[in-house]
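Q: I have a structure I would like to understand better, so I am pasting it below and will then ask my questions one at a time.
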Amino acid sequence: MSNTTSTSDEHRRHAQQGYTIEVATISTSRYHEHGSVRDPEDADDVSGAIIVDALRESGHTVRYTLLPDDLDMIQHWFAEAMDGDAIVTTGGTGLSPGDLTIEAIRPLLGKEMPGFGEIFRLKSMDEIGYAAMLTRAVAGVARGRAVFCMPGSPNAVRLGIEIIAPELGHVIEHARGRV
């Protein structure tokens, strides 16, 4: 085993503890129908439930919020979400004028992690072909917190959480400057 592999494996082992993850589904239509709920089941939110369930199964504490596509509300929530170790959003990443998640969160990132979006789109090619070019998925670091924004469809969320979950602790530790 090379020293690089050994070091990488050590970082991952160190980062296997449970963290507090702030999760938001951003959907104006769902928000208008269900209001400001704190559980994806209360909003009939399949995508939010996929994220929450996967992160809890990985041993993390998860706090869920439902938000509309409103720049100020998203940024206000994001500021409060800094209490957690990481932030994961779903929805509001499309190309329509009302989709504002990326526009709300990207300016708050101190550093971007372009590999997440690149891998997400590459893996999406297997499912949706060249339509993957429409996918806006971003990740980065904001004030020592790992941040992931992904599309809102259940299939996109399954793919995104498959990418995020195994590396989440490792990313959080890097964001904190501990590795």
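The values are calculated or read from the model by the stated rules, or taken from the named source; none is laboratory data. All values reported here derive from a predicted model rather than from experimental measurement. As a convention, Cβ positions derive from the backbone with ideal geometry for all residues, glycine included, and neighbour counts pool all protein chains shown.
Q: Among the residues of segment 145-161, is there at least one that is of a type in the set (A, V, I, L, M, F, W, C), more than 22 Å from VAL46 (Cα to Cα) and out of contact with any helix residue (DSSP H, G or I) (no Cβ under 6 Å at 6 or more places or on another chain)?
A: no
Q: In addition: For the condition in a strand (DSSP E or B) and at pLDDT 95 or above, what is the one hit in ALA156, ALA146?
A: So the residue among ALA156, ALA146 that is in a strand (DSSP E or B) and at pLDDT 95 or above is ALA146.
Q: For ARG136, are the conditions met, namely being buried (at least 16 other Cβ atoms within 10 Å of the Cβ), part of a loop (DSSP other than H, G, I, E, B) and either modelled with pLDDT under 95 or in contact with a Leu (Cβ under 8 Å, 6 or more places away or on another chain) (or both)?
A: Answer is yes for this residue.
Q: From (1) surrounded by fewer than 15 Cβ atoms within 10 Å (Cβ to Cβ); (2) in contact (Cβ under 8 Å) with a residue 24 or more places away in the chain; (3) in a helix (DSSP H, G or I); (4) not hydroxyl-bearing (Ser, Thr, Tyr), pick out the condition that doesn't hold for LEU95.
A: (3)
Q: Restricting attention to segment 43-64, report how many residues are farther than 21 Å from SER96 by Cβ and surrounded by 14 or more Cβ atoms within 10 Å (Cβ to Cβ).
A: Total satisfying the criteria: 11.
Q: Next question, about the same structure. Within segment 100-109, does at least one residue satisfy the condition of being under 16 Å from THR25 (Cβ atoms), of a type outside the set (A, V, I, L, M) and part of a helix (DSSP H, G or I)?
A: Yes - at least one qualifying residue is present in segment 100-109.
Q: For LEU66, which of the numbered conditions (1) touching a Leu at 6+ places or on another chain (Cβ under 9 Å); (2) assigned to a strand (DSSP E or B) fails to hold?
A: So the condition that LEU66 fails would be (1).
Q: How many of the residues making up segment 107-138 are of a type outside the set (Lys, Arg) and either more than 17 Å from ASN155 (Cβ to Cβ) or in contact (Cβ under 8 Å) with a residue 24 or more places away in the chain (or both)? Step through it out loud before you land on a result.
A: Restricting attention to segment 107-138, the residues satisfying the condition of being of a type outside the set (Lys, Arg) are 107-110, 112-120, 122, 124-135, 137-138.
Right, trim to either more than 17 Å from ASN155 (Cβ to Cβ) or in contact (Cβ under 8 Å) with a residue 24 or more places away in the chain (or both) and you get 107-110, 112-116, 118-120, 124, 127, 134-135, 137-138.
The total comes to 18.
Q: List the pairs whose first member sits in segment 32-51 and is without any contact (Cβ under 8 Å) to a residue 12 or more places away in the chain, whose second member is crowded, with 21+ Cβ neighbours inside 10 Å, and whose Cβ atoms are under 7 Å apart, counting only residues at least 6 apart or on separate chains?
A: Going by the 7 Å Cβ cut-off, the qualifying pairs are ALA49/PRO40.
Q: Turning to a different aspect of this structure: Which of (1) outside any loop (DSSP other than H, G, I, E, B); (2) buried (at least 22 other Cβ atoms within 10 Å of the Cβ) does MET73 not meet, given it meets every other one?
A: For MET73, the failing item is (2).
Q: Could I ask something else about it? Restricting the search to segment 70-92, which residues are within 12 Å of the chain's Cα centre (by Cα) and without any contact (Cβ under 8 Å) to a residue 12 or more places away in the chain?
A: Scanning segment 70-92 gives no hits.
Q: Between ALA86, ALA104, ALA79, which is loosely packed, with under 15 Cβ neighbours inside 10 Å and either within 18 Å of ALA156 (Cβ to Cβ) or among the small types (Gly, Ala, Ser) (or both)?
A: The unique qualifying residue is ALA79.
Q: I'd like the residue in segment 87-119 that is small (Gly, Ala, Ser) and touching a helix residue (DSSP H, G or I) at 6+ places or on another chain (Cβ under 7 Å) and, out of all such residues, is nearest to ILE51 (Cα to Cα).
A: Among them, the one singled out is GLY91.
Q: Here is a check on your reading of the model: is ILE164 farther than 21 Å from ALA79 by Cα and over 11 Å from the mean Cα position of the chain (by Cα)?
A: Numbers: farther than 21 Å from ALA79 by Cα: yes; over 11 Å from the mean Cα position of the chain (by Cα): no.
No: the conditions fail for ILE164.
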